[in-house]
Amino acid sequence: MRKPSTILVTGGAGFIGSHTCVELLDHGYELIVIDDYSNSTPQVFTRVERITDRFVGAVYELDIRDRRALSAVFDRHSVDAVVHFAAHKAVGESTRMPIKYYDNNVGGTTALLRVMQEHAVHQLVFSSSCSIYGDAGRGPLDESTPAAPTNPYASSKWLCELLLADVCARCPEFTVLALRYFNPVGAHPSGLLGEDPGGVPDNLMPYVAQVAVGRRERLPVFGQDYATPDGTAVRDYLHVMDTAEAHRVALDHLADRPGMQIFNLGVGAGRSVLDVISAFAAACGRAVPYQILPRRPGDVTELVADAGAVARAWGWRPTRDLADMCRDAWRFQQLNPHGYAGSGRHPNGTRHDP
Ligand code: UD1
């Protein structure tokens, strides 16, 4: 199997997808990008091109469940491998709209597999999630931890892993690497690319950043009665550029052996909500006001990766720490106080898009 060079990226305008596009373009890959912009904007591609000084490649606005449109993309381009990010990811919304999540996340993945098979494309890097471990308890979790998803988003990722494993077992031409992300945060160090949630942020780091920049008054801290050192919930935060790098390294290893392999992507260190608030305050040089509220339904006490397997298999480990994550998230927030929709000032003083 030759090393892939033309990569189709689904969900390439999203948070992790767009940073991965930068990483792949910087390493000489040719890209074909698909996104339905349901939680993203095509403006990110201007930023990706500015960072990389490269043309992103062909970009298509389509829903991957639209097999006819997807098939036309595969007809037009010679794709070596697919990196599949396209999915809904809001845990709270998934509890209210489970069918939307199963339809998009599971249905989107089966549609993609059908079209890949019809076009003899058999190499896939799949975006999975630590949320499939559910409330697995204390201590670092390795990949053998039994799945126990607690919400439809997590279940949809687990179902995708199950069907990908079965496809690999029955169709030996397929190779799949599933990467279970812990909590990717941060931004590209240029400040041009970052996390730009629509509406009120669901996730911690963008909320903290919006409080720091004055867009929101104070951060709600969901629960200080967890069995953790400071009472707030603990997660394994991973810089989005490390996350992106792991996808590039995964492409190097797709040809190692057939079948499906699963790897955790995390730093292996647990940080509480209050740790993140302090680290962000240090990065931005101002206090981040917060208020303790009751627990958020569905949240678990602690999720920390045993990240040893990917290090042993590929010799790869994340290199950026929480201070780097906060510094880069803060730079993006300062330069883009209203996200991609607003205008910002590039660090070199020039105006950039929109
Ligand atoms: C969740 C999913 C993860 C998914 C991610 C993307 C779980 C266990 N994890 O991560 O798989 O990829 O969403 O959407 O379902 N917090 C606050 N205040 C806030 C926001 C968050 O205190 O305003 C706390 C949460 O209670 C949690 C921590 O910060 O303890 C991290 O929350 P968040 O950033 O939303 O990520 P997860 O819920 O861990």
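The values are calculated or read from the model by the stated rules, or taken from the named source; none is laboratory data. The model shown is predicted, which means the values in this text are computed figures rather than measured ones. For neighbour counting, all protein chains shown are included, and Cβ atoms are generated from backbone atoms with ideal geometry for every residue, glycine included. Side chains included, ligands, DNA and RNA excluded: accessible areas come from the protein's heavy atoms. Shrake-Rupley method; radii C 1.70, N 1.55, O 1.52, S 1.80 Å.
Points to keep in mind about this one:
- Cα-based reach from LYS89 at 26 Å (exclusive), listing lysines while leaving out same-chain residues under 8 positions away: LYS100, LYS157
- Exposure of LYS3 as accessible area (Å², to 10), given a probe of 1.4 Å and all protein chains: 110
- Taking a straight line from the alpha carbon of LYS3, these aspartates and glutamates sit under 18 Å away, with near neighbours fewer than eight places off in the same chain left out: GLU23, ASP26, GLU30, ASP80, GLU173, GLU245, ASP252, ASP256.
- Counting heavy atoms of the protein chains alone, HIS27 has an accessible area of about 90 Å² for a 1.4 Å probe.
- The stretch 115-191: trypsin sites (Lys or Arg not before Pro) in DSSP coil with no more than 13 other Cβ atoms inside 10 Å: ARG138
- Here each label is just a point 7 Å from Cα along the line to Cβ, and for PHE55 and GLU143 those points are 3.7 nm apart.
- Overall, the accessible surface of the stretch 6-352 at a probe of 1.4 angstrom is composed of carbon and sulfur to the extent of 50 percent.
- For the stretch 151-200: accessible area per residue (Å², 1.4 Å): 31
- Segment ARG216-SER5, extension gain: residue separation times 0.36 nm, minus the distance between their alpha carbons: 71.6 nm
- Taking N as its residue count, the alpha carbon Rg of the stretch 6-352 over 2.2 N^0.38 Å: 0.95
- Taking all protein chains as they are arranged and a probe of 1.4 Å, the heavy atoms of ARG327 leave approximately 100 Å² accessible to solvent.
- Within the chain, DSSP assigns beta bridges of which about 5% are antiparallel (rounded to the nearest 5).
- Cα→Cβ-extended label distance, 7 Å offset, between GLN291 and TYR37, nm: 3.6
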